[in-house]
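All remarks here apply to the structure that follows.
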Amino acid sequence: MNSWIEISEERLAGNFRVVAAAVGAQTDVLAVVKADAYGHGAEVCCVALARAGAKWLGVACASEGAQVRLALNAAGFVAEDAPKILVMCGFMPEDVSAIVKYGLTPVVWTAEQVGWLAGTGAGVHVEVETGMGRQGVRPGAALDEVLDAMGEVGIGLDGMLTHFCAAEVACSERTQAQERRFEVAIAQVRERGLTPKWVHAGSSSSVDNPAQSSPWLVELAKTVGARAMVRCGIALYGYCLPIEGANDGPKLRPAVKPVMTWKTRVVDVREVLAGETVGYNATYTAQGPMRLALLPVGYSDGLRRELSSTNAKPGGWVMIVDKRAAIVGRISMNLTMVDVSAIDGVHVGNEVVLLGDGVTADDHARPAGTISYEILCGVRAG
Ligand SMILES: *Cc1c(COP(=O)(O)O)cnc(C)c1O
């Protein structure tokens, strides 16, 4: 293996507890494990989160839900004790058999989707469109149509949810407008005498955002006799988006700790003389004698090419025996050079931290013009 990831189940469980404490006892935390648990490995993470007390897990699609259910079963989480699994990003008619077989709870927002579930007796969560403009049904006639369809085919309303488009903006008017629209939908559900068990909204940023308060959600859930819930992903893995325009500090950082460590080994160490160039297009010229270590990873493994350096522009770095080693020249498809001139005793076989303590997913994301989420999902260890 040219590179591998190590997952700290202890930190994952610790982060879950930090988030649970931040939202308070009146609100449940749905742990999002979609996209292979943000690149951390859904099978390991879902079990660790279940052990930490997660009652709900969120996946993108039915096949992920099946994989998570089998992992939970194998770990002994069966029947009533097992976490529930929410399929958040839609499904197709051919997924219905897996939804039934693995006891998954789909998010629905159209009468057509409800029709596909006819005869299964499945419980569903209905997503309300309040401003995300992605999935969800608008309050009013459209929501009535979905709820009517559920009544006709005997599909139970287990939950109601919405998703905020600007949760990381403090005091966002968009979020406030979304809250008002969600209240309209919940009032509609109440008028019909329906009693969902969960009402959920918000993500890691909602918990981290000092301007957002969970009492709103708790009160709203109470109006239909439901539990409040937030859906958290990135914070469980130890990262947070910056909160825009907040006066107070965020609530979660730095209490949450990165869960993933991505490692490789030095495959060669070479001495370079002054004036020699390194890598494609010779973008880096040694200004004096240097000792460089060769790493067997590159952009095909998810090490972003934007971390490359030139003499004029420093790039990213890796950690070798707890010291920074700067990336030298261009990152190639499968190889990367790093400067170990100032680190004594580096030899072939030395472990190298590509991402983890000392070099975070945010450090990778910044020069790449992206967010920690994409970096974590993009790690292809192996
Ligand atoms: C991914 C996702 C989340 C989790 O978002 P984080 O920012 O990672 O906490 C919550 N809700 C929905 C619907 C999602 O798709």
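The values are calculated or read from the model by the stated rules, or taken from the named source; none is laboratory data. In this text, all values refer to a predicted model and were calculated from it rather than measured experimentally. We place every Cβ from the backbone using ideal geometry, glycine too, and count neighbours over all the protein chains shown. Accessible surface is based on the protein model in full, side chains and every heavy atom, while ligands, DNA and RNA are left aside. Shrake-Rupley method; radii C 1.70, N 1.55, O 1.52, S 1.80 Å.
Using a 1.4 Å probe on the protein chains only, how many percent of the accessible area of the stretch 260-378 belongs to carbon and sulfur? Intermediate values should be presented prior to the final figure.
Values: 2880 of 5530 Å².
After summing per-atom areas, the C and S share lands at 52 percent.
Applying a 10 Å radius around every beta-carbon, put 159-170, 74-85 in order of their mean neighbour count, most first. Show your work: numbers first, answer last.
Numbers: 159-170: 21.5, 74-85: 14.0.
So the order, starting with the most tightly packed, is 159-170, 74-85.
Which value, in Å² and to the nearest 10, is the accessible area of Phe182 when all protein chains are kept and the probe is 1.4 Å?
0
Can you list the residues, at least 5 places off or on another chain, whose amide H is less than 5 Å from the amide H of Val328, using H built in the peptide plane?
Met337, Val338, Asp339
What number, in percent, do you get for the relative contact order of the chain if the mean sequence gap of Cα pairs under 8 Å and at least 6 apart is divided by its residue count? Present the calculation step by step, with values, prior to reporting the outcome.
Values: 851 pairs, mean separation 60.6, N = 382.
For the chain, the relative contact order is 16 percent.
At a 1.4 Å probe, what is the % contribution of carbon and sulfur to the accessible area of the stretch 8-237?
Values: 4600 of 8980 Å².
About 51 percent, which is the carbon plus sulfur part of the accessible surface.
Between the helical axis of 173-191 and the dominant principal axis of the chain, each derived from Cα atoms, what acute angle in degrees is found, rounded to the nearest 10?
In the chain, helix 173-191 runs at an angle near 30 degrees to the longest axis.
What ranking do 270-279, 238-247 get when scored by the average of other Cβ atoms within 10 Å per residue, highest first? List each step's numbers first, then the result.
Working: 270-279: 13.9, 238-247: 18.0.
So the order, starting with the most tightly packed, is 238-247, 270-279.
Would you pull out the residues with amide H under 5 Å of Asn350's amide H, same chain only if 5 or more places away, H placed 1.01 Å from N?
Val266
Quick check on the stretch 232-370: take the gyration tensor over C-alpha atoms, sort the square-rooted eigenvalues as a ≥ b ≥ c, and tell me if it's rounded (a/c under 1.5), prolate or oblate.
Values: a/c = 2.30, a/b = 1.85, b/c = 1.24.
It is prolate, given that a/c is not under 1.5 and a/b is the larger ratio.
Can you list the HN-Hα couplings for the stretch 230-235, worked out from phi with the Karplus curve (6.51, -1.76, 1.60; θ = phi - 60°), rounded to whole Hz and with x for Gly and Pro?
Coupling constants for the stretch 230-235: 10, 10, 10, x, 3, 5 Hz.
Take peptides 283-293, 46-56 and line them up by average Cβ neighbours within 10 Å, highest first, as a rough protection proxy.
Details: 283-293: 17.5, 46-56: 21.2.
Packing order, densest peptide first, comes out as 46-56, 283-293.
Looking at Gly14, Thr223, Leu30, which one has the Cα that reaches farthest to the positive end of the dipole of the chain (charges on Cβ: Lys, Arg +1; Asp, Glu -1)?
So the residue we want is Gly14.
Using only helices, what value at 222 nm comes out for the chain when you add -39,500 (n - 2.57) per DSSP H run of length 4 or more and divide by the total residues, to the nearest 500 deg cm²/dmol? Intermediate results must be reported in sequence, preceding the final value.
Numbers: 12 runs with 117 residues, N = 382.
One gets -9000 deg cm²/dmol as the mean residue ellipticity at 222 nm.
Give me the distance in nm between label points sitting 7 Å out from Cα along the Cα-to-Cβ direction at Ser63 and Glu152, one decimal.
3.2
Could you state the angle between the C-alpha long axis of helix 9-23 and the longest principal axis of the C-alpha atoms of the chain, as a value from 0 to 90 degrees rounded to the nearest 10?
Helix 9-23 sits roughly 50 degrees off the main axis of the chain.
Around Thr105, under 15 Å between beta carbons, what's the net of Lys plus Arg minus Asp minus Glu among the other residues? Could the numbers behind the result be given before it?
Numbers: positive: Lys34, Lys55, Arg69, Lys84, Lys101, Lys197, Arg227, Arg231; negative: Asp28, Glu64, Glu80, Asp95, Glu127, Asp158.
After counting each charged neighbour, the total is +2.
If you count only protein heavy atoms with a 1.4 Å probe, what accessible area per residue comes out for the chain, rounded to a whole Å²? Working shown, then result.
Numbers: 16460 Å² over 382 residues.
It amounts to 43 Å² per residue over the chain.
Please list, or write none, the aspartates and glutamates whose alpha carbon is within less than 15 Å of the alpha carbon of Lys263, excluding same-chain residues fewer than 8 places away.
Partners within reach: Glu6, Asp301, Asp322, Glu351, Asp357.
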